[in-house]
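One structure is given here, and the rest of the page talks about it.
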Amino acid sequence: MDRAMYLEILTKRNIRTLIILSAALAVGFAVQSLDLPGLGEAGRLTLGIFTVAAILWILEPFPLYVTSFIIVILEVVLLGRPGGPLGLDGKGYAMFLTPFFDPVVVLFLGGFVMARAVKRYGLDERISRGILRHVGTRPETVLLGMMATSAFLSMWISNTATTALMIAVAIPILRSFPPNEPFRKAIILGIPFACNIGGIGTPIGTPPNAIAIGILNQMGRNISFVEWMYRGIPVVVILLAACWFVLCRLYPAGIRSIAIEQRDGKPMDRTSTFILAVFGVVVLLWLTSKWHGIPSAIVSLVPLVVFFGLRLLEDEDLTDLGWGILFIIGGGMSLGVAMRESGLSGWIVGRIPFEGLGPLAILFAFSISAAAITNFISNSATANMLLPIVVGVTAVAPERSAVIVALACSAAMILPISTPPNAIAYGSGYVDVRDMMKGGAIITAISVAVITLFIHLFF
């Protein structure tokens, strides 16, 4: 390798990456070397791996899915070797790889395939404009219609893609307002907030949902697609109404009627109709899995076989399915396996001072922590860090702890960096950081309270 190639590799970004990775490994080594009473060798090694992962998740020197692979490498080398601290045989290391094709990962894969088909054939835009045609012209009802559409779409396709679509739909509406009309901010903030909220509604709505379900499945506590929606949809409805009310009060409309751009609607072709039919059948099978007995993960393979088998989607669509998110989910669940098998999660929980706290106070502590952390790092990273710990708290049912933390990871809406939808809205130029913080702080606080109380009372 010549000098020019060395210089090309050792860019500032790569030097920073190497420094952070080296520092993370050094800190992890130091942590696992500590003499921690009650924690065996396997637990100390896993604590070192957890420390490395947490540093890389927070500082993000490279994509989060790379951290997932580092987790697996460290787990296999330190814990999974024959005769190692976990006492595994020659193939025992597979326990750390299995989560990468866990049923929850397959469920998300099916959701990605359907979202790709819907977007490729323009069904997402058709759905959004179809709904907006029926909301009237009052600013408040237009906002409600846009938020409801955003929330509905984000249950099935990515929050980021939904936000980008709905912002594009909203721009012509915003241009019809007077230049200093405050209600424009309500619309531009309502879209990302509704997308964050809508992701709560289904297991495939956002990665923390899948991570929570996967960790509970590993514990033998299964939550079906419809069971999740049974708890998630009411929370979405309550938070959507609260968010709409707050934005209407913070940014009252100064006009009584607005114009919505209407495009000549072309009739759906056979391909679009077929894709919509497959979408409906798959969702129906997800919702009725307890009746027909086919696991939701297997149902999720149907759109993959149909759409790619009939060449409605091509190889480039497969490449763009969002594999990084699937690897992030798998890496988080793999770390959860190590924490459970090594006894680390139980050891950590045993050292958290829960004495004197009731179940509700503990759940509030979990949800506040999740929402606060997610304002600064990705919701997937927050879920991967917190979920293996909170499910080990015996003072509350693990289902409650996991669901509350997963939902609270979608409640962070204060900063542009809190979620990709927030960043897209901020990038539109219609709002500044103060606007987002003002509305986001109120809605985040309401979300944490509603999520915690609802799951505590009705789960």
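The values are calculated or read from the model by the stated rules, or taken from the named source; none is laboratory data. Treat the numbers as computed from the prediction; the structure is a model and nothing was measured. No Cβ is skipped: glycine too gets one built from the backbone with ideal geometry, and neighbour counts run over all protein chains shown.
Does PRO267 fit the bill of being in the same structural domain as ALA168 (by TED's automatic domain parsing), modelled with pLDDT under 85, farther than 30 Å from PHE193 by Cβ and surrounded by fewer than 17 Cβ atoms within 10 Å (Cβ to Cβ)? Against the criterion (in the same structural domain as ALA168 (by TED's automatic domain parsing), modelled with pLDDT under 85, farther than 30 Å from PHE193 by Cβ and surrounded by fewer than 17 Cβ atoms within 10 Å (Cβ to Cβ)), PRO267 qualifies.
Conditions tested, residue by residue: (1) under 15 Å from the mean Cα position of the chain (by Cα); (2) in contact (Cβ under 8 Å) with a residue 24 or more places away in the chain.
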| residue | (1), (2) |
| --- | --- |
| VAL118 | no, yes |
| GLY136 | no, no |
| TRP156 | yes, yes |
| ASN159 | yes, yes |
| LEU165 | no, yes |
| PHE183 | no, yes |
| PRO192 | yes, yes |
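Just wondering, is there one or more residues in the range 218-225 that are surrounded by 13 or more Cβ atoms within 10 Å (Cβ to Cβ) and either at pLDDT 90 or above or among the small types (Gly, Ala, Ser) (or both)? Yes: the range 218-225 contains one or more residues that are surrounded by 13 or more Cβ atoms within 10 Å (Cβ to Cβ) and either at pLDDT 90 or above or among the small types (Gly, Ala, Ser) (or both).
The C-beta contact set for the range 1-29 (first residue farther than 20 Å from PRO63 by Cβ, second residue modelled with pLDDT of 85 or more, distance under 9 angstrom, 6+ apart or interchain) comprises VAL27/GLY48; VAL27/THR51; VAL27/VAL52; VAL27/ILE55; PHE29/GLY48; PHE29/VAL52. Only helices (runs of 4 or more DSSP H) whose full extent lies in the range 202-313 are considered here, and the ones with at least 3 residues that are more than 16 Å from PHE112 (Cβ to Cβ) are 207-218, 225-250, 270-287, 289-292.
Taken together, the criteria place PHE245 among residues that are surrounded by fewer than 17 Cβ atoms within 10 Å (Cβ to Cβ) and either farther than 23 Å from ILE157 by Cβ or not charged (D, E, K, R) (or both). Among residues belonging to the range 25-76 that are aromatic (Phe, Trp, Tyr) and either touching a Pro at 6+ places or on another chain (Cβ under 9 Å) or over 25 Å from GLY350 (Cβ atoms) (or both), point out the one that is modelled with the lowest pLDDT. Taking the candidates together, the pick is PHE62. Within the range 86-103, the presence of at least one residue that is surrounded by 23 or more Cβ atoms within 10 Å (Cβ to Cβ) and of a type in the set (Phe, Trp, Tyr) is confirmed.
Selection over the range 365-383 of residues that are modelled with pLDDT of 85 or more and within 14 Å of the chain's Cα centre (by Cα) gives a count of 3.
For the condition surrounded by fewer than 21 Cβ atoms within 10 Å (Cβ to Cβ), out of contact with any His (no Cβ under 7 Å at 6 or more places or on another chain) and in contact (Cβ under 8 Å) with a residue 12 or more places away in the chain, what is the one hit in THR46, THR51? Going through THR46, THR51 in turn, the sole match is THR51.
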